[in-house]
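Below is one structure, written out as structure tokens; the observations come after it.
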Amino acid sequence: MAAPFAHWPNNLNKVAEFDAGCRRCPRLASFIDQVKRENSDYFSAPVPAFGDTNPRLLIVGLAPGLHGANKTGRPFTGDTSGLLLYQTLFDLGLSSTPLSTSSDDGLTLHGVRITNAVKCLPPQNAPTSAEIKNCLPYLNDEIKNLPASCKILALGKLAHDAIQRAYGLKLSSLKFAHGAQHELPDGRTLIDSYHCSRYNTQTRRLTETMFKNVITQATSTAAL
């Protein structure tokens with residue numbers, strides 16, 4: 001297997017450690033400041049990754065939710081999207097508890113790490129292309145520091161596309177489809193899933209069984 005990032009374009013081989021005070025995106029910085037003024041107890045800052053520091057699976061979402069990660073400071077915590085995610089991880093023995101409620105609730109993940117492609121809350125949960133690109137150095141850093149055998153699970157097409165951008169791939173290079181599996185330039189495996197949003201679960205586009213199967217697929221193909 002090629003060394004991680006060996007084939008990445010030079011301009012994308014530059015990485016940046018997570019910056020808890022990042023203000024790179026004026027629109028996002030202004031928005032989280034506004035939310036903080038309206039909700040003084042909210043985290044309202046760039047949300048760091050959470051989970052095992054030596055994972056065999058990295059789960060990538062799009063961005064923090066207003067009353068979820070932006071409130072609690074932990075990815076997929078405090079909102080409906082996290083209900084299915086953490087319950088499924090618990091059912092598969094990958095989480096210590098089935099419910100993630102706050103950043104200090106004692107929950108731990110086993111072999112799994114969770115992050116977002118965009119670290120700050122975007123208005124209407126819709127970051128711009130420029131904002132996604134601004135956050136790529138942090139996603140690059142997270143991926144570069146993964147164990148060589150770690151797989152990546154993209155929750156939704158926008159996360160899938162952000163991962164392609166991080167690798168310097170054209171967005172048409174890897175076709176998104178639930179359960180699809182792709183080989184990335186550094187030899188890692190990318191697996192796609194529909195996002196575990198309330199809309200997708202209520203419309204049955206994504207069922208509990210489908211989601212459990214795709215996480216099982218992602219973890220079973222990863223070296224222990």
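Values computed for the structure shown
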{"item": "Test: residue in segment 140-148 that is in contact with a Gly (Cβ under 9 Å, 6 or more places away or on another chain) and not acidic (Asp, Glu)", "result": "yes"}
{"item": "Single residue of Asn200, Asn213 found to be among the polar types (S, T, N, Q) and within 23 Å of Asn125 (Cα to Cα)", "result": "Asn200"}
{"item": "Residue in segment 210-223 that is in contact (Cβ under 8 Å) with a residue 24 or more places away in the chain, among the hydrophobic types (A, V, I, L, M, F, W, C) and exposed (fewer than 14 other Cβ atoms within 10 Å of the Cβ) present", "result": "yes"}
{"item": "Lone unmet requirement of (1) in contact (Cβ under 8 Å) with a residue 40 or more places away in the chain; (2) over 13 Å from the mean Cα position of the chain (by Cα) for Lys175", "result": "(1)"}
{"item": "Evaluation of His195 against (1) in contact with a Gly (Cβ under 7 Å, 6 or more places away or on another chain); (2) part of a helix (DSSP H, G or I) (one fails), failing number", "result": "(2)"}
{"item": "Residues satisfying the stated conditions in segment 174-224, i.e. within 23 Å of Asp141 (Cβ to Cβ), of a type in the set (A, V, I, L, M, F, W, C) and at pLDDT 95 or above", "result": "Leu174, Leu184, Leu190, Ile191, Ala218"}
{"item": "Search result, residues across segment 178-192 that are assigned to a loop (DSSP other than H, G, I, E, B) and either of a type in the set (A, V, I, L, M, F, W, C) or in contact (Cβ under 8 Å) with a residue 60 or more places away in the chain (or both)", "result": "Ala180, Leu184, Pro185, Asp186, Gly187, Arg188"}
{"item": "Single condition Gln124 does not satisfy, out of (1) assigned to a helix (DSSP H, G or I); (2) surrounded by fewer than 20 Cβ atoms within 10 Å (Cβ to Cβ); (3) in contact (Cβ under 8 Å) with a residue 60 or more places away in the chain", "result": "(3)"}
{"item": "Which numbered condition Gly168 fails, given (1) in contact with a Phe, Trp or Tyr (Cβ under 7 Å, 6 or more places away or on another chain); (2) buried (at least 20 other Cβ atoms within 10 Å of the Cβ); (3) among the small types (Gly, Ala, Ser)", "result": "(2)"}
{"item": "Residue ID - surrounded by the fewest Cβ atoms within 10 Å (Cβ to Cβ), chosen from residues in segment 29-78 that are touching a Lys or Arg at 6+ places or on another chain (Cβ under 9 Å) and assigned to a strand (DSSP E or B)", "result": "Phe50"}
{"item": "Count - residues of segment 79-118 that are part of a helix (DSSP H, G or I) and surrounded by fewer than 20 Cβ atoms within 10 Å (Cβ to Cβ)", "result": "5"}
{"item": "Flag if Lys144 is at pLDDT below 95 and either under 12 Å from the mean Cα position of the chain (by Cα) or of a type in the set (D, E, K, R) (or both)", "result": "yes"}
{"item": "Checklist (1) at pLDDT below 95; (2) in contact with a strand residue (DSSP E or B) (Cβ under 6 Å, 6 or more places away or on another chain) applied to Ala63, failing item", "result": "(1)"}
{"item": "Residue list for segment 183-224, restricted to those being in contact with a Leu (Cβ under 9 Å, 6 or more places away or on another chain), more than 18 Å from Gly82 (Cβ to Cβ) and small (Gly, Ala, Ser)", "result": "Ala222"}
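The values are calculated or read from the model by the stated rules, or taken from the named source; none is laboratory data. Not measured: the values here are computed from a predicted model. Neighbour counts are summed over all protein chains in view; Cβ atoms, including those assigned to glycine, are modelled from backbone coordinates with ideal geometry.
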